[in-house]
1. Relative contact order for the chain: what is it in percent, counting Cα pairs under 8 Å that are at least 6 residues apart?
2. Kindly identify the stretch 266-382 as rounded, prolate or oblate by the Cα gyration tensor criterion: order the square roots of the eigenvalues as a ≥ b ≥ c, call it rounded if a/c is under 1.5, otherwise compare a/b with b/c, prolate if a/b is larger, else oblate.
3. What is the percent carbon and sulfur in the accessible area of the chain, measuring with a 1.4 Å probe over the protein chains and ignoring ligands?
4. Leaving out same-chain residues fewer than 8 places away, which lysines sit with a Cα under 20 Å from that of K151?
5. For K273, go through the lysines and keep the ones whose alpha-carbon is under 25 Å away, minus same-chain ones fewer than eight residues off.
6. Taking θ = phi - 60°, what integer Hz values does the Karplus form 6.51 cos²θ - 1.76 cosθ + 1.60 yield along the stretch 274-287, in sequence order, with x for Gly and Pro?
7. Considering the options P105, S340, V55, tell which one lies farthest towards the positive end of the dipole of the chain, charges being +1 on Lys and Arg and -1 on Asp and Glu at the Cβ, about the Cα centre.
8. Taking amide H positions as placed in the peptide plane 1.01 Å from N, state which residues far from T20 in sequence (5 or more) or on other chains have amide H under 5 Å from it.
Amino acid sequence: MPKDGSELSLDGLGIPMWLTLEMTYRCPLHCPWCSNPLDFDKFKNELSTEEWKKVLREGRAMGALQLGFTGGEPMLRDDIEELVAYSTELGYYANLITSGIGLTPERLKTMKDGGLKQIQLSLQSSDRDITNKLVGADVYDQKIEIAYEIKRQGFPMVLNVPICKQNIRQTRDILKLAEELGVEYIEFANIQYYNWALLNRAEFLPTREEIEDAEAAVKETRERLGKKMEIYFVIPDYFDERPKACMNGWGAIHLTIGPDGAALPCQEARVIKGLEFPSVLDHSLDWIWNKSPVFNAYRGEDWMKEPCRSCDEKEKDHGGCRCQALLLTGDAANTDPVCSKSPFHHLIESSVAESINEHRVERPLVFRRKGAITTDFLETTE
């Protein structure tokens with residue numbers, strides 16, 4: 001499937017350009033594609049306000065510019081406003097990545113006064129019932145109300161739509177709603193299959209025809225609106241011949257800090273068992289980024305196996321996603337099975353075939369809830 005022009009490749013010049021703060025894994029929603037760890041309820045000891053401020057100072061000293069406050073749901077922290085204002089003092093371009101639950105006009109105004117530059121709001125559908133069903137909570141009306149309030153207060157807004165079989169046929173209606181809301185950006189992020197999404201992959205994976213129809217709707221709207229609204233359409237790996245350049249390469253431009261202080265090359269990295277993720281409570285960000293074994297584990301090319309090692313495309317995709325390689329093949333150093341050159345590509349083909357098998361027995365979605373996954377299951381994934 002051809003790329004749609006939404007991809008971005010950047011050279012971080014050796015610094016963590018993007019700093020992502022996962023303020024908490026707590027969230028009032030139960031999204032069955034959540035990127036939080038399957039055992040998210042273990043992470044109860046969240047960094048304090050002052051500990052987060054230390055992270056912000058060290059990140060800025062290293063040259064980090066873009067900052068994302070995310071979770072879980074970051075608005076469950078009562079210090080977000082204080083941290084936004086502090087990040088502005090340090091010179092960050094701060095983004096809030098939120099479900100909208102917990103946002104109020106008053107909190108929005110405080111963050112606007114504190115220098116918050118942009119808000120990314122998740123919306124699962126243009127249909128109330130589908131949205132509420134997908135997130136396991138009655139929140140559609142709250143999301144729409146806060147979306148209008150965000151625009152009333154003058155924030156640039158990204159509407160983030162996690163695309164799956166349940167909502168992909170609504171692409172045109174979602175685009176129409178985005179126009180009505182007056183958003184500047186909309187991202188159709190086809191679900192990436194890690195953590196909770198991997199559990200539900202067979203129920204979520206759309207067909208190639210559904211993806212092509214959604215792409216056509218995006219193209220039509222782009223041509224009609226021009227630069228009025230920027231539309232991104234992130235093609236799911238499973239329907240591509242080559243993997244994405246995940247995070248622009250391991251430890252290249254992104255640095256994520258978990259609620260407990262663990263430093264991660266990406267938000268999914270905890271799935272790779274055997275790696276020891278250093279804590280900002282024990283080490284400086286500079287040491288973590290430049291010298292820690294985990295951030296150097298998959299940098300460069302020395303770790304690559306064939307066919308990546310001799311491939312003339314390895315500088316484009318960096319071998320693909322290490323987390324996906326681990327989850328699907330059992331070894332994070334294997335070629336991402338999305339790649340048609342990978343000896344494990346059949347795993348992707350069989351997954352797609354399973355999802356479109358007309359005789360497949362549909363299973364109920366596994367929602368992100370404490371106790372939804374048994375201890376036995378978690379042990380088999382380690």
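1. With pairs under 8 Å counted, the relative contact order is 20 percent.
2. Because a/c hits 1.5 or more and a/b fails to exceed b/c, the stretch 266-382 counts as oblate.
3. Percent of accessible area from carbon and sulfur atoms in the chain: 50.
4. K109, K112, K117, K143, K176, K227, K228
5. Leaving aside lysines fewer than 8 places away in the same chain, those within reach of K273 are K42, K44, K244, K291, K305, K314, K370.
6. x, 8, 9, 8, x, 9, 5, 6, 10, 9, 6, 4, 4, 5
7. P105
8. Hits under the 5 Å cutoff: G68, L255, T256, I257.
The values are calculated or read from the model by the stated rules, or taken from the named source; none is laboratory data. Computed from a predicted structure; not experimentally measured. Cβ atoms come from the backbone with ideal geometry, glycine included; neighbour counts cover every protein chain shown. With ligands, DNA and RNA removed, areas are computed over all heavy atoms of the protein, side chains included. Shrake-Rupley method; radii C 1.70, N 1.55, O 1.52, S 1.80 Å.
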